[in-house]
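As structure tokens, the structure follows; a few thoughts come after it.
The values are calculated or read from the model by the stated rules, or taken from the named source; none is laboratory data. Please read all numbers here as calculations on a predicted model, not as lab measurements. No Cβ is skipped: glycine too gets one built from the backbone with ideal geometry, and neighbour counts run over all protein chains shown.
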Ligand code: FES
């Protein structure tokens, strides 16, 4: 168990600033574990979004030391020891609060796209077409559209 300084952005669409939290880490901790520990111990109002904690959903996306990364997949031991870990909301999307960004654009985009089969030209090969019925449904690659 070691001590680490987490420099976490706190704020809303009108602005904010980084706040330092000194907390402990355990072997195998990922950034999300440490953020949740901060929430449990000192900052219960710290907003942070996550769902799967398995690198599948993307909801924990944040900027960690200036790079966009998943908080649930970034191990503490991958970062420089002895330096503060800087965690900020992802810049691509507008901030809602603290580490939570409004990613609704990302989920709405598939509904605005024309499914690929409709864009097909005469003579195109359909063997490698994707099925694009609904963005939340699993896509199957390499399945012919029947
Ligand atoms: S919580 Fe789902 S990707 Fe991190």
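The set of residues in region 35-52 that are in contact with a helix residue (DSSP H, G or I) (Cβ under 7 Å, 6 or more places away or on another chain) and either modelled with pLDDT under 95 or closer than 19 Å to residue 106 by Cβ (or both) comprises 48, 50. Look through region 36-56, keep the residues that are in contact with a strand residue (DSSP E or B) (Cβ under 8 Å, 6 or more places away or on another chain) and away from the ligand (no atom under 11 Å from the Cβ), and return whichever of them is farthest from residue 22 (Cα to Cα). Looking at the filtered set, the residue picked out is 47. Filtering region 24-56 to residues that are part of a strand (DSSP E or B) and surrounded by 17 or more Cβ atoms within 10 Å (Cβ to Cβ) leaves 25, 30. Does residue 32 fit the bill of being modelled with pLDDT of 95 or more and within 13 Å of the ligand (Cβ to nearest atom)? Yes.
I want to confirm something. Restricting to region 57-81 and keeping residues that are outside any loop (DSSP other than H, G, I, E, B) and closer than 16 Å to residue 99 by Cα, which single residue is nearest to the ligand (Cβ to nearest atom)? Among them, the one singled out is 70. Can you find a residue that is at pLDDT 95 or above and part of a loop (DSSP other than H, G, I, E, B) anywhere in region 92-108? Looking for residues that are at pLDDT 95 or above and part of a loop (DSSP other than H, G, I, E, B), one finds at least one in region 92-108, hence yes.
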